[in-house]
Amino acid sequence: MSAQTHTAGKDAGQPIAFVSAQALRERMHTAVNDAHLRSSFRGAMDFLMAKRAAQFPDADELDSLRNLSEGIRQYSLSRLPDLLEQLETNLTRNGVQVHWAETPAEANAIMLGIAQRHSAKLIVKGKSMVSEEIEFNHAMEAAGVGALESDMGEYIVQLAGEKPSHIIMPAIHQTKQQIAKLFAEHIPGVDYTDNVDALIQIGRRVLREKFEIADIGLSGVNFAVAETGTLCLVENEGNGRMCTTVPKVHMAITGIEKVVEKLEHVAPLFSILTRSATGQAVTTYLNMISGPRKPGEKDGPEEV
């Protein structure tokens with residue numbers, strides 16, 4: 001098929017670029033023969049696998065935890081319609097506004113409508129693979145609303161105009177020299193430096209300013225607890241907590257498969273998630289969000 005752009009169904013509203021087989025083979029050949037990419041990904045994967053193995057020294061414990069987690073997931077899926085209705089009921093009771101979308105276009109339209117209702121100019125984002133899948137950033141920018149990634153790796157990738165290269169390490173394909181050049185070219189007043197600590201501080205300073213002025217914060221959801229109407233968010237950098245507490249409006253987007261029935265179901269899933277993903281016993285932050293700011297509370301959004 002020749003390279004061209006089509007729209008995937010009349011309701012999708014999202015252009016899909018089809019690449020010719022020859023172009024795809026050329027891209028694959030270039031990537032596979034890129035020594036930096038090969039060493040970066042091999043090093044990253046070896047590093048992550050080693051950390052993961054260190055967190056599961058007991059094979060029997062790992063099997064037991066995996067079986068328990070699978071049981072929770074299978075149970076949740078077997079009761080999915082009922083749990084989703086229970087989740088909606090309890091979220092609504094907690095003051096959270098619930099919206100349902102069947103397509104990427106519908107999801108983006110709902111969130112754009114919320115942004116327009118609040119005259120939003122900037123949405124600052126925590127890590128969300130669902131928003132990546134539905135091309136949320138592009139949909140917002142096409143409507144004149146800024147959408148800024150605040151996860152450091154995602155921020156770097158967004159500055160470069162690229163897609164994440166890995167779910168845990170989205171900018172692993174970039175060298176510190178490439179990131180230094182990117183920051184110097186795109187961030188006003190920043191001089192070239194390939195000192196990693198300095199680069200991290202530059203990114204943090206920029207993002208901290210954006211948290212303060214953003215109209216809306218967007219986050220993903222790791223677990224949605226039906227019995228309590230609670231959205232659980234797992235993260236390491238604190239940007240998820242900033243996105244969900246500093247702006248006046250917090251939008252959370254999730255796939256329906258993230259629902260579990262009970263709060264006690266979160267503990268084993270959380271344990272296997274963090275140890276399998278990043279090789280940590282626990283992540284730095286586990287946020288449990290059950291509604292907007294209540295009277296007398298000093299922080300948190302006015303709407304969720």
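For the reader, a short list of remarks on this structure follows.
- Straightening the chain between A23 and Y285 buys 90.1 nm, computed as 0.36 nm per residue apart minus the Cα-Cα spacing.
- Panel note: the C-alpha atoms of segment 141-200, placed on their principal axes, show extents of 36, 29, 15 Å (largest first).
- If the chain linking A277 and A143 were pulled fully straight, counting 0.36 nm for each residue of separation and taking away their Cα-Cα distance, it would gain 44.8 nm.
- Among the trypsin sites (Lys or Arg not before Pro) in segment 226-304, those located in a DSSP loop and surrounded by at most 16 other Cβ atoms within 10 Å of their own Cβ are K248, K262, K298.
- Cross-link check: pairs K125/K262; K262/K294; K51/K163; K51/K121 evaluated at a Cα-Cα cut-off of 30 Å; pairs beyond the cut-off: K51/K121.
- Here each label is just a point 7 Å from Cα along the line to Cβ, and for N33 and T92 those points are 6.0 nm apart.
- Here's the picture: charge each Lys and Arg Cβ at +1 and each Asp and Glu Cβ at -1 in the chain, and of I72, S40, Y192 the one pushed furthest to the positive end of that dipole is Y192.
- Cα centroids of segment 59-128 and segment 226-241: 11 Å apart.
- Averaging 1/r over each pair of different alpha-carbon atoms in the chain and inverting the result gives 21.2 Å, the Kirkwood hydrodynamic radius.
- Among beta bridges that DSSP assigns inside the chain, antiparallel share in %, nearest 5: 45
- Difference of contour (0.36 nm per residue) and Cα-Cα distance, T103 to E61: 11.2 nm
- Dipole of the chain [Lys/Arg +1, Asp/Glu -1 at C-beta], most positive-end residue of H118, V225, Q158: Q158
- About the centre of its Cα atoms, the chain shows a dipole size close to 400 debye [charges on the beta carbon of Lys, Arg (+1) and Asp, Glu (-1) only; nearest 20 debye].
- Taken over the alpha carbons of segment 111-163 as equal point scatterers, the Debye sum produces base-10 log I(q)/I(0) values at 0.17, 0.22, 0.25 Å⁻¹ of -0.49, -0.81, -1.02.
- Of the GluC sites (Glu not before Pro) found in segment 218-304, those that fall in a DSSP loop while having at most 12 other beta-carbon atoms within 10 Å are E297, E302.
- Modelled this way, with points 7 Å down the Cα-to-C-beta line, the labels at M45 and E162 are 1.7 nm from one another.
- Taking chymotrypsin sites (Phe, Trp or Tyr not before Pro) as exposed when DSSP calls them loop and at most 16 other C-beta atoms lie within 10 angstrom, the chain has its longest site-free stretch at 193-304.
FYI, it's all coordinate maths here, none of it is from the lab. What you see is a predicted model; the values in this text were computed from it and never measured. Methodologically, a virtual Cβ is constructed for each residue, glycine included, from the backbone with ideal geometry; neighbour enumeration extends over all protein chains shown.
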